[in-house]
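These notes concern the structure reproduced below.
Bear in mind that the values in this text are calculations on the coordinates, not laboratory data. Small disclaimer: the values here were computed from a predicted structure and weren't measured. With ideal geometry, Cβ positions are generated from the backbone for all residues, glycine too; neighbour counts draw on all protein chains shown.
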Amino acid sequence: AAFDAPARQALVNDLVPSKLVPNAVSLNSTSFNSARLIGPGVSGLLIAAVGTGWVFLLNAASFAGVLLSLFVISRNMSVNSQPRVPRQRGQVVEGIKYVAQRPTLIMIMVLAFVVGSFGLNFPVFNSVMATTVFDADAEVFGLLGTIQACGTLAGALMAARRQGSRLKFVVGGAIGFGITVIAACVAPWLWLYAVLLIPTGWAAVTFLNSCNVTLQMTVDPRYRGRVMALYMVLVMGGTPLGAPLMGWLAEVLGARASVFLAGLISLVAGLWGLWHWNRHAPQGELRRRVRRIRVRFMGR
């Protein structure tokens, strides 16, 4: 994934017109989460029918479809391709400098790393909550993942319909994710915890989709690959770094306290993002936001 993800993210811009990039990214997420929702159930049936080894073999064979798709994508299918940037020394540093000079990109990268490291550890959270808090078995743990995938699927489908600025969904997704994680960790019953996983998954995929689309739409095409590589390193590399820490905190502080801390960190990061966004927004945009809030809450 470390080698594949940046190129895969940048490839979207080459295959669809710029105005369709938000929909393409959201539909890609929908496809991923649909597989995440259906796959565990199908694999469970196959394991019972033919055994684990054959299921692994079938999974390996499924990559043939991906390889075939990449093979048939030729240059004449690229409707929005950009000239290739010549390879030279210092390109990675140049990409980092490009991000460092743009407050919006800094905000997205910081939120992606913090939320990705501490918040997006669903297997750890669901495992410790199911086993140590609700005394559930592995079957319930799998069911919790499926329920959460329903929320992510709904969030991805809604993301495909959104128009306009995505920055508010970046910030709102991080804040909403932190709130729903905190609410889930204090749920007294298993069924309520399971229900709260739906908005948690929705907020998580809203945040990730919005980060992705904003980067794809705003970054200079010459830097898109390098910026997306940095983004994927932060959002995907932070999760395995944070998972052992959250597992250790679950042993030391308890399951509820560790999940609460993860939600609180995500919430604080989202509130920082809101402050950072308002601080660096043009004055005209700030006035438009205040005007919209006034109309909404004062009725004029």
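For L70 and A48, what does the FRET efficiency come to when R0 = 30 Å and r is the distance between their Cβ atoms, rounded to the nearest 0.05?
Calculated value: 0.35.
Would you mind estimating how fast segment 96-192 diffuses translationally, via Stokes-Einstein at 4 °C and 1.567 mPa s with the Kirkwood radius over Cα pairs, in µm²/s? If you can, show how the numbers build up before the last one.
Numbers: Rh = 15.6 Å.
It comes out at roughly 83 µm²/s.
What's the extension gain from R279 to N59 if we count 0.36 nm per residue and subtract their Cα-Cα distance?
Here the answer is 74.4 nm.
Mind pulling up the Rg/Rh value for segment 134-262? Radius of gyration and Kirkwood radius, both on Cα.
The Rg/Rh ratio comes out at 1.02.
How do T218, T206, T104 rank when sorted from fewest to most other Cβ atoms within 10 Å of their own Cβ?
Exposure proxy ranking, most exposed first: T218, T104, T206.
Beyond 13 Å, how much of the Cα-Cα pair distribution for segment 139-210 remains, as a whole percent?
On the way: 1607 of 2556 pairs.
Summing the P(r) tail past 13 Å for segment 139-210 gives 63 percent.
With +1 on the Cβ of every Lys and Arg and -1 on the Cβ of every Asp and Glu, and nothing else charged, how large is the dipole of segment 95-201 about its Cα centre, in debye rounded to the nearest 20?
840 debye
With unit charges on the beta carbon (Lys/Arg positive, Asp/Glu negative), name the residue among L167, G142, M109 whose Cα is farthest towards the positive pole of the charge dipole of segment 101-194.
Toward the positive end, the furthest listed residue is L167.
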